[in-house]
Ligand code: 13P
């Protein structure tokens, strides 16, 4: 079985000015040691307004934290007022781009088709998409979690070949667990991540599936991260609220180990 290094990503959403972002990344860099980066890869996803400041800091101090974005528009340039292109992100050494976050799907009307276009655009510009999928509470209670998640995967990967698909990180984020303090049980999160991997195996073959990283997201904290990461098909976490504080996020990046 392929060994997959966990990817711990901090999605800051619409939080932190560029000055706050610099302070958090400085603290985070100070807290994490080479041994921590051995154990897990770490990415931070600040707002667009903070990307350049954080990039400058990471580059100047050679901090091995990957820079991530929260969104992108699927065109290299053009008349798209207010949008940010993959060319602009790539130029800032952005490595990971979140696509299809449930907040964008629900609050900003992002369709499956748009998510697919964004995924393709990120790959075309040699960055790595973190594709978010997940069900609502109603869907979970109706027993349609699998249908929802696999349907979102089907739509998002339209026209993506195996070589490109192998690069995509898939984040399972049950919507009812986001920002609610309610975490999916490790067993439930594992079950969905396992079916995500089976879907990848069916679509692209066992080899691609064995290297695909599947993250869990939804109220991840320093206290529950270890149990979640111990599941065989969970290869990292997409962390919202608990990533805003450097000390808490460092403890998550250490997979719950080390000093409290
Ligand atoms: P919380 O960790 O705040 O629940 O947010 C999860 C999330 O949406 C990360 O993308």
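Worth a mention:
- Residue selected from the stretch 233-248 under the condition closer than 19 Å to residue 174 by Cβ and assigned to a loop (DSSP other than H, G, I, E, B), by the criterion farthest from the ligand (Cβ to nearest atom): 233
- Scanning the stretch 194-201 finds no residues that are part of a loop (DSSP other than H, G, I, E, B), closer than 25 Å to residue 122 by Cβ and modelled with pLDDT of 95 or more.
- Among the residues listed as 24, 42, the single one being touching a residue at least 60 places away in the same chain (Cβ under 8 Å), within 20 Å of residue 225 (Cα to Cα) and either part of a helix (DSSP H, G or I) or in contact with a helix residue (DSSP H, G or I) (Cβ under 6 Å, 6 or more places away or on another chain) (or both): 42
- Of all residues in the stretch 7-18, at least one satisfies being at negative phi, away from the ligand (no atom under 16 Å from the Cβ) and assigned to a loop (DSSP other than H, G, I, E, B).
- Checking residue 216 against (1) touching a strand residue (DSSP E or B) at 6+ places or on another chain (Cβ under 7 Å); (2) within 15 Å of the ligand (Cβ to nearest atom); (3) farther than 22 Å from residue 95 by Cα, the condition it does not meet: (3)
- Residue check, residue 115 surrounded by 22 or more Cβ atoms within 10 Å (Cβ to Cβ) and more than 16 Å from the ligand (Cβ to nearest atom): no
- Single residue of the stretch 166-177 satisfying the filter (in a loop (DSSP other than H, G, I, E, B) and buried (at least 21 other Cβ atoms within 10 Å of the Cβ)) that is nearest to the ligand (Cβ to nearest atom): 173
- Selection count, the stretch 178-187, where residues are surrounded by fewer than 17 Cβ atoms within 10 Å (Cβ to Cβ) and more than 13 Å from the ligand (Cβ to nearest atom): 2
- With respect to being buried (at least 18 other Cβ atoms within 10 Å of the Cβ), within 16 Å of the ligand (Cβ to nearest atom), modelled with pLDDT of 95 or more and within 23 Å of residue 74 (Cβ to Cβ), residue 225 falls outside the description.
- The number of residues in the stretch 50-63 being assigned to a loop (DSSP other than H, G, I, E, B) and crowded, with 19+ Cβ neighbours inside 10 Å comes to 1.
- Contact map, the stretch 174-185: residues that are touching a residue at least 12 places away in the same chain (Cβ under 8 Å) paired with residues that are near the ligand (Cβ under 8 Å from one of its atoms) and assigned to a helix (DSSP H, G or I), Cβ distance under 8 Å, separation 6+ or inter-chain. Pairs shown: 175/102; 178/102; 178/103; 179/241; 183/177; 184/177.
- Residues of the stretch 106-123 that are within 18 Å of the chain's Cα centre (by Cα) and touching a residue at least 24 places away in the same chain (Cβ under 8 Å): 106, 112, 114, 115, 116, 117, 118, 119, 120, 121, 122, 123.
- Filter result (within 16 Å of the ligand (Cβ to nearest atom) and on the phi < 0 side of the Ramachandran plot) within the stretch 125-155: 128, 129, 130, 131, 132, 133, 135, 136, 137, 140, 149, 152
The values are calculated or read from the model by the stated rules, or taken from the named source; none is laboratory data. Note that the structure is predicted; figures quoted are calculated from it, not measured. We place every Cβ from the backbone using ideal geometry, glycine too, and count neighbours over all the protein chains shown.
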